[in-house]
Amino acid sequence: MLSIIHKFVICCRCTNTLAFIRLALQSRQNKEQRAQFSASAVYWVLCPNLERGIDYLRDAHLHKGLAFTLQERQVLGLQGLLSGGVKTQEEQVAICKYSFDRFDSPLNKYLYLSELLEMNERLFFSLVATDVEKFLPILYTPTVGLACQRFGLVYRKPRGLFVNIFDKGHVYAVMKNWPIHDVRAICVTDGERILGLGDLGAYGMGIPIGKLSLYTALAGIKPHQCLPIVLDVGTDNEELLVDPLYIGIRHKRVRGEEYHEFVEEFMQACVKRYGRTTLIQFEDFALPNAGTLLNRYRERFCTFNDDIQGTAGVVVAGVFGAARITKKKVSENKFLFLGAGSAGVGIADLLVDAMVEEGLDKKAAQDKIYLFDIDGLLTSKRQSGLPAHAKHFGKDLEPTKDFAKAVETLKPTCLIGASTQGGAFTPAILKQMAKNTERPIIFALSNPTDKAECTAQAAYDNTEGRCVYSSGSPFPPVKYNNKTYYTGQGNNSYVFPGIALGVIAAEVTKIPDSLFLTAARSVADMCTAEDIDVGRVYPPLSNIRKISFEIAKKIVERAYKLNIASVYPTPTDLDAFIQHHIYKTKYLQYVPELYTYPPSEYKTKSIEQISEEHKLLIK
């Protein structure tokens, strides 16, 4: 097989050599064959007399632009394909910053970054690393929501897999079409509940692409190990079904038994293709499916739902941070939620776990949490009944649909918004919270910005500057009484990248809720006294790489204690163990360092001498 491939490459001088080699490499059935072929293939790829240098400019993993050295250009067959100037990676980053800043529209900034990622992967992540707080709102919320709505316009080339309902029965064959064999993390959506924007169908691909970009940018997970996937089961969005720009299948959304059979086939195909410890992150599934799928697969697969568990982890981290400001334990608070969907209930469940760790029994912890949804306060007496996923938070109280009245009557000390109802925390409600407690905790978590329950400025203005505030999307600093407050953004990015890094490193077999509580405490512990003083309940996002690294270490420690890690022996140096899995953004050198052997101390005999000696031996 190897000799045939070598002859093929030499004879054809194929410009798509790298793709051919990758395909052949994936066909090898065992590690020994793959290693043998990989080593041999590298020799042929780097052989300077093959006209395949263009491959280095077509592959974002290899592309260095004008940073290819003169030696690399000559050896790899790139001379003439690039202009004569040679730039350093640092100079390229500076040029990219300048180019990025010239765009006014967030969507145009998003498109610029997307094209940079498709062209030069290491340069993209080097650029993002220079100012995470600046680039994060463009790569993810709120800009990614706009990008998803216009995905038919911004779609350029495949950056993930679209597995549609008509592939049912052939999902594994579709999975095999992805050219990378070393996938360790999958982010999957069915596009039914994209942020607060509703059913976007196949346009939802922007979400897993964005999430996995953050895996690398915020935690250093190797990008080739990440695979974005959309399960296209149709859409109930009538506008998309007749939109000529829509890229998905034009079919009403499939539900029920056929849907669940399709998801089951997909999950089995993932582990068959990439292994049992492959991380599968569910993202933006609608409420009827989000909790059901999580409960069905959490014990059988290495999986989590970021909308439920990731959101819960970052919100509880914020509550831990707020506790340092209010000087109260978590269990000394009373919580009222506006929004009782999968995210709201997920947060409530993790808060219960946190209070149980503080010494309360589970029932007493649940009694401190009140949920309010579209039908009003969750009580056992309301006519519409209790939603199945939130029955354990139903109270034996008279029903009410007046949220402001509930704030006045129940006197919560912490208000958590997960409703996507912009402005739902009215000035009157905020003023009532200021009456309920000395330091009211106000978390307006809905995305994007215009759907936040209240702004940071409104929260401070209506609580006499006494509130502890956090939001799901970024808000500018707040000025109140001649003091500037830098409010926290309860972004899931604090939690899920670090958890994913730890899970991948330890090859965790399943992800219990306790890992998210571990991550939440780790985030809160990294808040400094200076952060607390200016109103932050989260450490600055500029420290996110360090935060993710520390979370990963805690996750690995916890995984071995829970006996859910599968890498043995247990690592003794966690820093080195995690660092081994970190992606390096610095350009690689494609021309190997050359060296020579030392001269021999022995003088070689001449052929004539050997010939004479042989004649003597024959005689």
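Values computed for the structure shown
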item: Members of region 582-606 found to be aromatic (Phe, Trp, Tyr) and in contact with a strand residue (DSSP E or B) (Cβ under 9 Å, 6 or more places away or on another chain), listed by number; result: TYR583
item: Residues located in region 384-403, provided they are open to solvent by less than 30 Å² (accessible area, probe 1.4 Å), in a helix (DSSP H, G or I), within 21 Å of PRO288 (Cβ to Cβ) and of a type outside the set (A, V, I, L, M); result: PHE393
item: Single condition GLU438 does not satisfy, out of (1) in a loop (DSSP other than H, G, I, E, B); (2) open to solvent by 30 Å² or more (accessible area, probe 1.4 Å); (3) within 18 Å of GLY339 (Cβ to Cβ); (4) at pLDDT 95 or above; result: (3)
item: Odd one out for LEU62, checked against (1) part of a loop (DSSP other than H, G, I, E, B); (2) more than 21 Å from VAL591 (Cα to Cα); result: (2)
item: Enumeration of residues in region 216-259 that are in a loop (DSSP other than H, G, I, E, B), buried (at least 24 other Cβ atoms within 10 Å of the Cβ) and β-branched (Val, Ile, Thr); result: VAL233, THR235
item: The one condition in (1) under 22 Å from the mean Cα position of the chain (by Cα); (2) at pLDDT 95 or above that ALA173 fails to fulfil; result: (1)
item: Among (1) touching a strand residue (DSSP E or B) at 6+ places or on another chain (Cβ under 9 Å); (2) under 24 Å from PRO288 (Cα atoms); (3) in a helix (DSSP H, G or I) - the single one ALA406 does not satisfy; result: (2)
item: Strands (runs of 3 or more DSSP E) contained in region 454-498 and holding at least 2 residues farther than 17 Å from GLU133 by Cβ; result: 468-471, 478-480
item: Residue match in region 348-359 (condition: over 30 Å from the mean Cα position of the chain (by Cα), surrounded by fewer than 15 Cβ atoms within 10 Å (Cβ to Cβ), more than 30 Å from TYR485 (Cβ to Cβ) and not aromatic (Phe, Trp, Tyr)); result: yes
item: Total residues in region 404-431, condition surrounded by 15 or more Cβ atoms within 10 Å (Cβ to Cβ) and within 23 Å of VAL316 (Cα to Cα); result: 18
item: Qualifying residue in region 488-504 (condition: open to solvent by less than 30 Å² (accessible area, probe 1.4 Å), touching a Gly at 6+ places or on another chain (Cβ under 9 Å) and within 22 Å of LYS334 (Cβ to Cβ)); result: yes
item: Contacts under 8 angstrom Cβ, first residue in region 97-109 being under 15 Å from THR141 (Cα atoms), partner assigned to a loop (DSSP other than H, G, I, E, B) and open to solvent by 80 Å² or more (accessible area, probe 1.4 Å), 6 or more apart; result: LEU107/ARG150
item: Test: GLY376 is more than 30 Å from ILE207 (Cβ to Cβ), in contact with a Pro (Cβ under 6 Å, 6 or more places away or on another chain) and surrounded by 14 or more Cβ atoms within 10 Å (Cβ to Cβ); result: yes
item: Strands (runs of 3 or more DSSP E) contained in region 302-383 and holding at least 1 residues in contact with a Gly (Cβ under 6 Å, 6 or more places away or on another chain), farther than 22 Å from SER514 by Cβ and modelled with pLDDT of 95 or more; result: 335-338
item: Conditions (1) farther than 23 Å from LEU430 by Cα; (2) in contact with a Lys or Arg (Cβ under 8 Å, 6 or more places away or on another chain); (3) of a type outside the set (Phe, Trp, Tyr); number of the one not met by THR326; result: (1)
item: Counted residues, region 260-293 - those being part of a helix (DSSP H, G or I) and either open to solvent by 10 Å² or more (accessible area, probe 1.4 Å) or at pLDDT 95 or above (or both); result: 21
item: Among (1) out of contact with any helix residue (DSSP H, G or I) (no Cβ under 6 Å at 6 or more places or on another chain); (2) within 22 Å of LYS157 (Cβ to Cβ); (3) aliphatic (A, V, I, L, M); (4) free of Cβ contacts under 8 Å to residues at least 40 places away in the same chain - the single one ALA94 does not satisfy; result: (2)
item: Options LYS561, LYS554, LYS510: the member that is open to solvent by 20 Å² or more (accessible area, probe 1.4 Å) and free of Cβ contacts under 8 Å to residues at least 24 places away in the same chain; result: LYS561
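The rows are residues; the columns are (1) under 23 Å from THR216 (Cβ atoms); (2) not in a helix (DSSP H, G or I).
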position: ASP531; (1), (2): no, no
position: TYR568; (1), (2): no, yes
position: PHE577; (1), (2): yes, no
position: LEU594; (1), (2): no, yes
position: GLU601; (1), (2): no, yes
position: GLU613; (1), (2): no, no
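The rows are residues; the columns are (1) charged (D, E, K, R); (2) touching a Lys or Arg at 6+ places or on another chain (Cβ under 8 Å); (3) crowded, with 24+ Cβ neighbours inside 10 Å.
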site	(1), (2), (3)
LYS483	yes, no, no
ALA524	no, yes, no
PRO539	no, no, no
SER542	no, no, no
ALA565	no, no, no
PHE577	no, no, no
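The values are calculated or read from the model by the stated rules, or taken from the named source; none is laboratory data. Since this is a predicted model, take the numbers as computed values, not measurements. When we count neighbours, we look across all protein chains shown, and the Cβ atoms used for this are built from the backbone with ideal geometry, even at glycine. To get the accessible areas, we keep the full protein, side chains included, count just its heavy atoms, and leave off ligands, DNA and RNA. Shrake-Rupley method; radii C 1.70, N 1.55, O 1.52, S 1.80 Å.
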